[in-house]
1. Tell me the GluC sites (Glu not before Pro) within the stretch 350-450 that lie in a loop according to DSSP and have at most 14 other beta-carbon atoms within 10 Å.
2. Using θ = phi - 60° and the Karplus form 6.51 cos²θ - 1.76 cosθ + 1.60, what ³J(HN,Hα) does each residue of the stretch 217-233 get, whole Hz, x for Gly and Pro?
3. Can you compute log10 of I(q)/I(0) for the stretch 1-116 with the Debye formula, treating each Cα as one identical point scatterer, at q = 0.10, 0.14 Å⁻¹?
4. Among Gly158, Gly283, Gly321, determine the one that fluctuates most according to a GNM of the chain built with springs between C-alpha atoms less than 10 Å apart.
5. Compute the helix-to-body angle for 362-372: its Cα long axis versus the longest principal axis of the chain, expressed 0 to 90° and rounded to tens.
6. Could you give the accessible area per residue of the chain, probe 1.4 Å, as a whole number in Å²?
7. Could you give the length gained on full extension between Glu322 and Leu4, defined as 0.36 nm per residue of separation minus the Cα-Cα distance, in nm?
8. When the gyration tensor of the stretch 1-59 is built from Cα positions, what are the square roots of 5 times its three eigenvalues, in whole Å, from largest to smallest?
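The values are calculated or read from the model by the stated rules, or taken from the named source; none is laboratory data. Note that this is a predicted model, so its numbers are computed, not measured. Please note: Cβ atoms are built from the backbone with ideal geometry, for glycine as well, and neighbour counts cover all protein chains shown. Please note that ligands, DNA and RNA were not included when accessible areas were found on the heavy atoms of the full protein model with its side chains. Shrake-Rupley method; radii C 1.70, N 1.55, O 1.52, S 1.80 Å.
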Amino acid sequence: MQDLYGLPITCTNDATRQGIDDFVHGFISFQTKAVNVLKVVKADPDNGLANAYAAILYMLLEAPAAPDLAKPFLDNALAAKGLTPREEAAVEAARLFVAGDIPKLIELCEATVSAYPRDMVMLKLGQYHTFNIGDFPAMLRVAEKAQPGAADIAYAHGMRAFGFEECHLLDDAEAAARHALILDESEPWAHHALAHIYLTRGQVAEGTAFLESVAHHWADLNSFMHTHNWWHLALFYISAGRTDDLLAAYDTHVWGVNKDYSQDQVGAVSLLARIEFAGVNVGNRWQDVADHVAKRGADTVSAFLTLQYLYALGRTHRPEGETLLKAIEARAEDEKKHDWPVWRDVALWAAHGIAAHAAEDYDDCIRFLGKALPRLAECGGSHAQRDLFEQIHLDALIRAGRTSQAQQVLEMRRTFDPDGIPLNTMLAGVYEKSGLPEQAAAARARVSSD
């Protein structure tokens, strides 16, 4: 048998093949049918590829319990016989994922895509892990290896577009995303890449119009893609001062789809923080988010995620924040993990900066976050996502009265958000405090003109 992209699979019945296809297509298109592979492994427990995919699915929970949940399926996959070399690579990928050997996993993904350019699972997995360590050229490289073999697959072009975008190659990124949408207008990762492009170029009106025009395609996607693309649209609402639309987007599409999932939680944390920095009252919305984040305990699976959990706990003055901070300190000393230097040299400083911000110790926030920001990409997250930490730092500069530094940051930010209402409102205040009334008036004029 073959999967939906024509790759041979060791399979004896149509139901198993369909479950494998559902995982492949669901994984790359962000559709909920990816979980159908769990039904397959119950009905066909000896299928090695299906079990490998089930193990990978559990690891994507991004939770401390994930390896234990994945292990039974990994064990079944490792015991399977007669697999093709490509299927054996999928089993090994699952094993490395569970073991936390991410550098070797990335190498395996790249080698597999080189040999089998239509293997969209290994392409997506490779991009997922290179993204999480901030190796954006590697994100692009693994996507390029799928061409031209996967030239007819929209999702391959969507992944290529995001690789280009994270490398700041915006024209190439736009071309790849547009090509993906020619092949399939509903491709959500291409929508996502274009959201980044519009944001980086400062095209707020154009980005808003585009995302609103394609938002109907996200209705039935998994919670990450549904909430994350709406998160991007909400960023444009912040810039445009569309407060009612912003809060409606948060309440309807960003928070509440899957409150226990890591990505939904950090999307809510990040958006609520930005809404507050823009001067909007969020009411009691923080409490529900913090309640769910607190349930994670000392979760240090991902530095990028953990730092945002810490912000939510600090913002609501939850005692669990101190527990998490201690867990971060311990993680920074765990030399057994491949990424411990990033925790030691970057995440730890950022964590103490976030804790200082929560304690209203803005000088320490500036000092600690200032050490982390130049290398924060190593913790993972996109340019747009990591901007949260830049905004925390900026807020501390303004609150600490460091108007000279704040002016520099705000004017640099105006290069990609030239008419942003919150940004120019902050800028007007900074210029007033700096004794520059003409510049303050110009900033206020940009606000009133919108």
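1. Hits after loop and neighbour filter: Glu360.
2. Going residue by residue, I get 6, 8, 4, 9, 7, 5, 4, 4, 6, 4, 6, 6, 5, 5, 4, 4, 4 Hz, with x marking Gly and Pro.
3. One equal scatterer on each Cα of the stretch 1-116 leads to -0.25, -0.51.
4. Gly283
5. 40
6. So the chain comes to 40 Å² accessible per residue, rounded to a whole number.
7. 109.6 nm is the gain from fully extending Glu322 to Leu4.
8. So the equivalent ellipsoid measures 15, 14, 9 Å along its semi-axes.
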